[in-house]
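Q: Mind having a look at this structure? Questions to follow.
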Amino acid sequence: MQGIAKEMNLSETTFILPRDPALERERGIRVRIFTVQEELSFAGHPTLGTAFALRGLEMAKNPGEKSGIEKPGPQKIVLELNLGKVPVTFEDGGDEETFGEMTQVDPTFGMQHDREAVAHATGVPAANFDESLPIQTVSTGVPFTIAPLKSLASLQKLQIDLNGAAEYLARTQGKFFYFVCRETVDHEARLHARMLFYNGEDPATGSAAGCAAGWMVAHSIARPDERVLIEQGVEMKRPSRIFVRASCQNNRSNNRIVNVRVGGHSVEIMRGEIFL
């Protein structure tokens with residue numbers, strides 16, 4: 001699987017592993033996710049895309065009647081990843097494309113970072129960071145260090161020292177940096193985002209977007225349960241529209257962010273066979 005993922009050279013490649021139908025009904029459809037370098041316990045967009053693909057296969061196995069009316073696909077698919085169960089629900093919008101939304105595990109909030117230290121590690125000037133918001137590590141399965149910048153221009157021109165960033169993240173229990181800013185290309189978007197990794201760039205990072213959803217609610221950039229848009233992949237001409245929301249559970253001691261959801265639309269662009 002690792003060899004195939006490296007050969008595909010995509011951000012992530014997923015593998016669906018068949019098993020006993022009774023076990024599948026109980027625990028979900030077994031899926032493993034690989035980047036070009038390693039296996040991940042969770043990643044957002046391959047999870048969502050795989051669920052869309054499985055839904056399409058299910059619809060192809062159970063076509064509608066000869067009347068030509070297409071039989072609706074399943075409204076929920078549960079995947080079992082290395083992280084555990086991740087449910088994906090679907091909303092059919094009539095003439096519009098189907099919208100899929102995954103529920104990620106509740107976020108854990110890690111350390112808030114010193115801007116000068118992050119600037120030194122990444123090579124991004126300290127003056128480019130948004131001082132009104134914290135640089136913070138958040139995880140819904142994979143820990144992302146969310147780094148807010150002041151302007152769209154600084155994010156569009158972003159260049160980072162990947163080795164320095166990796167060394168810093170290893171010391172601070174992060175996996176990747178997720179750079180964001182509140183100035184956007186699309187006026188409907190709440191954040192503009194970029195994620196540089198493995199000497200390349202990810203056009204859409206659903207796991208990081210889920211972390212950003214919790215971070216936005218925690219820091220009053222989005223209201224609880226408000227579905228907002230994150231735009232990503234614009235600079236690499238592979239624009240993605242990621243819709244996110246998160247809830248806030250109030251108790252006497254603190255406000256806990258829960259029920260992180262990440263969704264969007266999926267388009268099939270390629271189909272083929274691999275001979276081993």
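The values are calculated or read from the model by the stated rules, or taken from the named source; none is laboratory data. Bear in mind that the values here come from a model prediction, so they are computed numbers and not experimental data. In this analysis, Cβ positions are derived from the backbone assuming ideal geometry, glycine residues included, and neighbour counts consider all displayed protein chains.
Listed here are the residues, each with its yes/no results for (1) surrounded by fewer than 18 Cβ atoms within 10 Å (Cβ to Cβ); (2) more than 17 Å from residue 47 (Cα to Cα); (3) β-branched (Val, Ile, Thr); (4) not assigned by TED's automatic domain parsing to the domain that holds residue 163.
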{"site": "90", "(1), (2), (3), (4)": "no, no, no, yes"}
{"site": "97", "(1), (2), (3), (4)": "yes, yes, no, yes"}
{"site": "114", "(1), (2), (3), (4)": "yes, yes, no, no"}
{"site": "121", "(1), (2), (3), (4)": "no, yes, no, no"}
{"site": "125", "(1), (2), (3), (4)": "yes, yes, no, no"}
{"site": "128", "(1), (2), (3), (4)": "no, yes, no, no"}
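Q: Going through 206, 214 one at a time, which residue ends up being in contact with a Phe, Trp or Tyr (Cβ under 9 Å, 6 or more places away or on another chain) and either under 22 Å from residue 87 (Cα atoms) or in contact (Cβ under 8 Å) with a residue 40 or more places away in the chain (or both)?
A: The unique qualifying residue is 214.
Q: Collect the residues in segment 130-141 that are modelled with pLDDT of 95 or more and either charged (D, E, K, R) or out of contact with any strand residue (DSSP E or B) (no Cβ under 6 Å at 6 or more places or on another chain) (or both), keeping them in residue-number order.
A: 130, 131, 132
Q: Out of curiosity, is residue 158 assigned to a loop (DSSP other than H, G, I, E, B) and surrounded by fewer than 21 Cβ atoms within 10 Å (Cβ to Cβ)?
A: yes
Q: Let me ask something additional. Output the qualifying pairs, or none if there are none: Cβ atoms under 7 angstrom, residues six or more apart or on different chains, first residue in segment 181-199 and at positive phi and in the same structural domain as residue 157 (by TED's automatic domain parsing), second residue of a type in the set (A, V, I, L, M) and surrounded by 13 or more Cβ atoms within 10 Å (Cβ to Cβ).
A: Note: pairs meeting the criteria are 198/36; 199/162.
Q: Next question. Could you figure out which of (1) in contact (Cβ under 8 Å) with a residue 40 or more places away in the chain; (2) surrounded by 14 or more Cβ atoms within 10 Å (Cβ to Cβ) isn't true of residue 85?
A: Condition (2) is where residue 85 drops out.
Q: Looking only at segment 229-244, count how many residues are within 15 Å of residue 183 (Cβ to Cβ) and either at pLDDT below 95 or in contact with a Lys or Arg (Cβ under 8 Å, 6 or more places away or on another chain) (or both). Please lay out each step first, then the result.
A: The first filter runs over segment 229-244 and keeps only residues within 15 Å of residue 183 (Cβ to Cβ), leaving 229-232, 234-235.
Filter once more, so that each one left must be either at pLDDT below 95 or in contact with a Lys or Arg (Cβ under 8 Å, 6 or more places away or on another chain) (or both): 229-232, 235.
Total satisfying the criteria: 5.
Q: Would you confirm, using the coordinates I've provided, whether residue 91 is within 24 Å of residue 245 (Cα to Cα) and either of a type outside the set (Gly, Ala, Ser) or touching a strand residue (DSSP E or B) at 6+ places or on another chain (Cβ under 6 Å) (or both)?
A: Yes.
Q: Could we say that residue 152 is hydrophobic (A, V, I, L, M, F, W, C), touching a residue at least 24 places away in the same chain (Cβ under 8 Å), surrounded by fewer than 17 Cβ atoms within 10 Å (Cβ to Cβ) and assigned by TED's automatic domain parsing to the domain that holds residue 127 here?
A: The answer is yes for residue 152.
Q: Let me ask another. Residues in segment 7-41 that are touching a strand residue (DSSP E or B) at 6+ places or on another chain (Cβ under 7 Å) and either assigned to a strand (DSSP E or B) or under 22 Å from residue 238 (Cα atoms) (or both): how many?
A: 15
Q: Hey, another quick one. Just to be sure I understand, how many residues within segment 167-185 are crowded, with 19+ Cβ neighbours inside 10 Å and small (Gly, Ala, Ser)?
A: Going through segment 167-185 one residue at a time, the tally reaches 1.
Q: Can you tell me which residue among 145, 103 is more than 18 Å from residue 46 (Cα to Cα), of a type in the set (S, T, N, Q) and within 18 Å of the chain's Cα centre (by Cα)?
A: Details: 103 fails: more than 18 Å from residue 46 (Cα to Cα).
The unique qualifying residue is 145.
Q: Please count how many residues of segment 18-43 are buried (at least 18 other Cβ atoms within 10 Å of the Cβ) and hydroxyl-bearing (Ser, Thr, Tyr).
A: The total comes to 1.
Q: For segment 71-83, indicate whether the set of residues that are over 14 Å from residue 102 (Cβ atoms) and at pLDDT 95 or above is non-empty.
A: yes
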